[in-house]
Each structure stands twice: as structure tokens, then as C-alpha cells.
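FYI, it's all coordinate maths here, none of it is from the lab. Quick caveat: nothing in here was measured; it's all calculated off a predicted structure. Neighbour counts are summed over all protein chains in view; Cβ atoms, including those assigned to glycine, are modelled from backbone coordinates with ideal geometry.
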Amino acid sequence: MKCPFCGHLHDKVVDSRESKEGEAIRRRRQCLACHRRFTSYERIDEIPYMVVKKDGRRERFDRQKVLAGLLKACEKRPVSMIQLEAVADKAETMVQESSEREVSTRVLGEMIMNELKNLDKVAYVRFASVYLDFKDVQEFMSELKDLLKMRE
């Protein structure tokens, strides 16, 4: 920590305590060169996790949005909330462990589709129909045929 008075780089911590809100640690320091005291605050640096949309826009990762999409796809299907939470957890972990702190929605969506394919085929088709944005019935039928081939 650089002394604000003389610029010396070495100091000692005289007192340390949490702020009233608990969001920072307040430290009283004493410069080892000029012996003057100053205060520093230590805070957690929260850089948001981001997803890159198909059109290039970036937005904050929203676990609730992932869970809402999963709930919609699994509506009236025999998939438990615990299973959906596990898929949402896996998606969140993927974003958090990304080296650039951002993941494309394409990669995220493919991971979710693979998880749904293992959980429930109908939920998978529902999610894929929205996520893949089929332009016509042929594209939709092609995906269904691929899914049927996998069953054989």
C-alpha cells in the first residue's frame, strides 16, 4: 500500500475491522517512513459473469432465466425440481469457470440441450424448438428424426 503522504511503499496495519454493512474491511495503517496514519478499505471485486447473445450483445448471466426456460420446457413432464436445479447449477458453473468470465449462449444452450436430452426427450424437443429457432416444420422434423435415430 502506497502512503498517501510520502509515497513510501511499506506500512503496518494498526487496526482492522469490518464496516457497518459488512461489505468492506476498514484498515488503519501507519507508514513506516513518515509514521503518519491513513485508512484503507478492502472490498471484494465483483465482476459480473456475462453471456454473449447470438446477435453479439452481452448481458449478465441470469440463473433464474435459465431455470425459467427449463421449467417451461419441462412443464407437465416427469422431471423433478432437483434435476432442473442440477442443470441450472451446471450452467452457472460453466459460466463461472470460463477464463474470460463470459460464455456464448450457443455453448450454454448446447450444454443445456444435452442435459435435457438425457433427462426427458419431450423437454429436449421443447427447449430445442425455442433455442434453435426452427424456421419451418422441415427443420423441426429433421431434429425429431435425429432424436428417433438415437433411440434405435
Q. What residue among SER19, SER99, SER142 has the largest mean-square fluctuation in a Gaussian network model of the chain, using Cα springs under 10 Å?
A. SER19
(Q) Using each residue's phi in the stretch 72-81, evaluate 6.51 cos²θ - 1.76 cosθ + 1.60 at θ = phi - 60° and report the 3J(HN,Hα) Karplus result to the nearest Hz, with x for Gly and Pro. (A) 5, 5, 9, 4, 6, 10, x, 10, 6, 4
Q. Taking the chain as a Gaussian network, where each spring joins two C-alpha atoms under 10 Å apart, which residue of MET111, MET94, MET141 fluctuates the most?
A. MET141
Q) Do any cysteines of the chain lack a neighbour Cys whose Cβ is under 4.7 Å away, and which are they? A) CYS74
Q. Quick one: length gained pulling GLU97 to GLU21 fully straight, 0.36 nm per residue minus the C-alpha distance?
A. 24.5 nm
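Multiply the residue gap between VAL107 and ILE47 by 0.36 nm, knock off their C-alpha separation, and tell me the result in nm, one decimal place.
19.5 nm
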Q. Label-point separation (nm) for ARG36 and GLU75, each offset 7 Å from Cα along Cα-to-Cβ?
A. 6.6 nm
Q. How much mean residue ellipticity at 222 nm does the chain get from its helices, if each DSSP H run of length 4 or more adds -39500 (n - 2.57) and you divide by all residues, to the nearest 500 deg cm²/dmol?
A. -14500 deg cm²/dmol
**Q.** For GLU102, residues with placed amide H under 5 Å, excluding near neighbours
**A.** MET50
